[in-house]
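Scroll down for the structure; my scribbles are underneath it.
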Amino acid sequence: MKSRNDSNRFEETAQDALEYCRLQVEAVKLRALATLATLFNNIFSVLVLVVTVSIALFFLAVALTLILAQATGSLLCAVLIICALFLIVSIVIYALRKKLIVNPLVKMLSKLMFGNDKEED
């Protein structure tokens, strides 16, 4: 009689352990799904923002080129000035890329993946 109770307990414990493992796998899947949904939402939002800002900067550059063309009397000089301005801005952004792009991206991804709620500035 005792061995029958022990075997039933062992089977129940094994079934409970399997159920626990299954639930843990489901929990990991759900956390991964939530994390990926948030990540793709952030990527899509940034992509829309970048496209919108790029279009606005394009029109601003065209307007500034036309203003400079009237001021200098030469469309070629105005285009070269705007080109030089964009090159300078690109060099500055490249020089500060870690501070402006990489570090905030790493902070955002670590907060997203590991759930760090405290902000370190």
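Computed from the coordinates by the stated procedures, all read-outs in this text should not be read as laboratory data. Small disclaimer: the values here were computed from a predicted structure and weren't measured. Every residue, glycine as well, gets a Cβ built from its backbone with ideal geometry; the counts of neighbours run over all protein chains shown.
Based on DSSP H runs of at least 4 residues, each adding -39500 (n - 2.57), what is the mean residue ellipticity at 222 nm of the chain after dividing by all its residues, to the nearest 500 deg cm²/dmol?
-31500 deg cm²/dmol
Which angle between 0 and 90 degrees, to the nearest 10, do you get for helix 2-72 versus the longest principal axis of the chain when only C-alpha atoms count?
Helix 2-72 sits roughly 0 degrees off the main axis of the chain.
Once each part is reduced to its C-alpha centroid, what is the distance from the range 79-117 to the range 16-74 in angstrom?
14
Give a residue-ordered list of calculated ³J(HN,Hα) values for the range 93-98 (Karplus: 6.51 cos²θ - 1.76 cosθ + 1.60, θ = phi - 60°; whole Hz; x for Gly, Pro).
So the J values, rounded to whole Hz, are 5, 5, 5, 9, 4, 5.
For Asn5 and Glu26, compute 0.36 nm times the residue count separating them, minus their Cα-Cα distance, and round to one decimal in nm.
The span from Asn5 to Glu26 would gain 4.4 nm if fully extended.
Test of understanding: extend the Cα→C-beta vector of Ile55 to 7 Å, then name every residue of the range 76-103 with backbone N under 18 Å from that spot.
The answer is none, because no backbone nitrogen lies closer than 18 Å to the label point.
Among (i) 13.4, 42; (ii) 15.5, 49; (iii) 29.0, 106, which is the computed Rg and Dmax of the Cα atoms in Å?
(iii)
Please work out how many pairs of lysine residues in the chain are eight or more positions apart (or on different chains) and have Cα atoms closer than 27 angstrom.
Taking the Cα cut-off of 27 Å, the pair count is 10.
Which one, Val50, Val92, Val106, is farthest towards the positive end of the dipole of the chain when Lys and Arg carry +1 and Asp and Glu -1 on their Cβ?
After comparing all options, I get Val92.
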